[in-house]
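Please read the structure below before turning to the comments.
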Amino acid sequence: GWWIPLIALLVLGLWRVRLDVEIFNLLPDGLPAVHGLKLYQKYFASTRELVITVRAPNAQTAESAAGQVAERLRQQTNLVTGVVWQPPWLEHPEEMVELIAHLWLNQPPEAFAQLTNRLAPEKLEALLRDAREQLATSLSPTDIGQLSYDPFGFTRLPATGLGDSAMFSGSQEGFASADGTFRVVFVEARDTLQDYRACVAWLAEIQATVSGCQQATNWPGSVTVRYTGAPVFTMEVATGMERDLKGSVLATLVLILVLFWWAHRSWRPLLWLLTMLVLVVAGTLAFGGLIFGKLNAVSLGFAAVLLGLAVDYGLVLYQESLAAPHLSARELRRLLAPGIVWSAVTTAAVFGLLNFGGLPGLSQLGSLVGIGILLAALVMLYAFLPLILRGRKPGLPAPEVH
């Protein structure tokens, strides 16, 4: 029953593995600039915000398409917490009252004192009289519209950088291009999207919702919809790396299979060799989960490297078993173990030096390859060797199984 706790550790380690695709975690931790970028990403940049872009031949079509996408997504309350496609003060002007009060309270004391002095009870009559005269004589549509609803001038902030913005105008700056043919819709996910698989699933549902909106009868034609933002970046980077890693691992396994079959033409040891290689990779990944928990996306490149190194130990053992068929597994292990173990130790030490490189991804890669090499030596000596010699009697030639 010694293998029961090993299986438990293997399952626990694989369960703890999480893929880290955060771009800043690929950079050295000791750099102040990287630390600052991480703080900005954590506290200011939203990792749950998806940006949907809408491009159309004219401004009216782009506005109609963006509005339909926003309304359809707002109905998906199980997916999103908020959708913004135009300045909030245009869509919900009643919500600007608290913002205006906040802006005034954050003005310099002298600027806030001017407001309180202007709104003193004895000055209100003169203030309203001036506003009425400006409404009667002004030719500016902005002044007329603003004074009609705000004769006391609460929205006329001092010239401190806040009052000169387009906050209280009809400008679509930040949400549409100058000609209005390109618009953006900001969508915030309801869940935290902790890993890339959650990003993939959430984005697929969002795209399905937008696709349903595009198939509606009132959808304008010639409209191009695209997606960007942190969830899309995470999904593309993670799925791209996953595809590349799977491709490299499968290519390595196929190459091992072809070369082994070309050299030995024997299925039984080949199948055991592939099984041991898969076991070594899974075991290394489990150790990585137990030690690190979250693995950097770059570090997962260890699998292809480990397969290429670990297969050598299996090939050496199999070739020696063919050259000396009179030896048992214990005798072959006693003969070959020193060379294989020292080779594994020195190779693991070389890859362990990557921990001094400063890059977290390379550090984890070096650690995983080092652990995997040591594990491969043990697996090949104590599991693969007895399996390929099972059923063979010492002193007889190796059986050929086709």
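Residues in the stretch 194-230 that are of a type in the set (A, V, I, L, M), at pLDDT 85 or above and open to solvent by 20 Å² or more (accessible area, probe 1.4 Å): Val200, Ala201, Ala204, Ala208, Ala216, Val223. Residues of the stretch 40-52 that are over 17 Å from Val80 (Cα atoms) and surrounded by 15 or more Cβ atoms within 10 Å (Cβ to Cβ): Gln41 alone.
Inspect the stretch 311-319 for any residue being closer than 29 Å to Leu270 by Cβ and loosely packed, with under 14 Cβ neighbours inside 10 Å and give the result as yes or no. Checked the stretch 311-319: at least one residue is closer than 29 Å to Leu270 by Cβ and loosely packed, with under 14 Cβ neighbours inside 10 Å. Within the group Leu285, Leu279, which residue is more than 25 Å from the chain's Cα centre (by Cα), under 27 Å from Leu381 (Cα atoms) and not small (Gly, Ala, Ser)? Matching residue, one of Leu285, Leu279: Leu279. Can you pull out the residues in the stretch 73-95 that are surrounded by fewer than 17 Cβ atoms within 10 Å (Cβ to Cβ) and part of a helix (DSSP H, G or I)? Selection gives Arg74, Pro88, Leu90, Glu91, Pro93, Glu94, Glu95. Any residue at all in the stretch 49-60 that is within 22 Å of Val187 (Cβ to Cβ), part of a loop (DSSP other than H, G, I, E, B) and of a type outside the set (Gly, Ala, Ser)? Taking every residue of the stretch 49-60 in turn, none turns out to be within 22 Å of Val187 (Cβ to Cβ), part of a loop (DSSP other than H, G, I, E, B) and of a type outside the set (Gly, Ala, Ser).
Scan the stretch 284-298 for residues that are open to solvent by less than 10 Å² (accessible area, probe 1.4 Å) and out of contact with any strand residue (DSSP E or B) (no Cβ under 9 Å at 6 or more places or on another chain) and the total you get is 2.
From the residues in the stretch 233-247 that are open to solvent by less than 60 Å² (accessible area, probe 1.4 Å) and either more than 8 Å from the chain's Cα centre (by Cα) or without any contact (Cβ under 8 Å) to a residue 24 or more places away in the chain (or both), which one is nearest to Ala303 (Cα to Cα)?
Leu245
Candidates Leu306, Leu365: the one that is in contact with a Phe, Trp or Tyr (Cβ under 7 Å, 6 or more places away or on another chain), in a helix (DSSP H, G or I) and either free of Cβ contacts under 8 Å to residues at least 60 places away in the same chain or crowded, with 17+ Cβ neighbours inside 10 Å (or both) is Leu365.
Quick check on my filter: what residues within the stretch 170-193 are in contact with a helix residue (DSSP H, G or I) (Cβ under 7 Å, 6 or more places away or on another chain), over 30 Å from Lys42 (Cα atoms) and exposed (fewer than 15 other Cβ atoms within 10 Å of the Cβ)? Scanning the stretch 170-193 gives Gly170, Asp179. Taking the conditions exactly as written (in a helix (DSSP H, G or I) and open to solvent by less than 10 Å² (accessible area, probe 1.4 Å)), does Thr275 satisfy them or not? In short, no.
Annotation note: Cβ proximity below 7 Å between a residue of the stretch 309-321 that is at pLDDT below 90 and a residue that is open to solvent by 20 Å² or more (accessible area, probe 1.4 Å) and not in a helix (DSSP H, G or I) (sequence gap 6+ or interchain) occurs for Ser321/Ala398.
The values are calculated or read from the model by the stated rules, or taken from the named source; none is laboratory data. For clarity, every value in this text was computed on a predicted model and none was experimentally measured. Note: ideal-geometry Cβ built from the backbone for every residue, glycine included; neighbour counts use all protein chains shown. Each accessible area value is taken on the protein alone, full model and side chains, heavy atoms only, with ligands, DNA and RNA left out. Shrake-Rupley method; radii C 1.70, N 1.55, O 1.52, S 1.80 Å.
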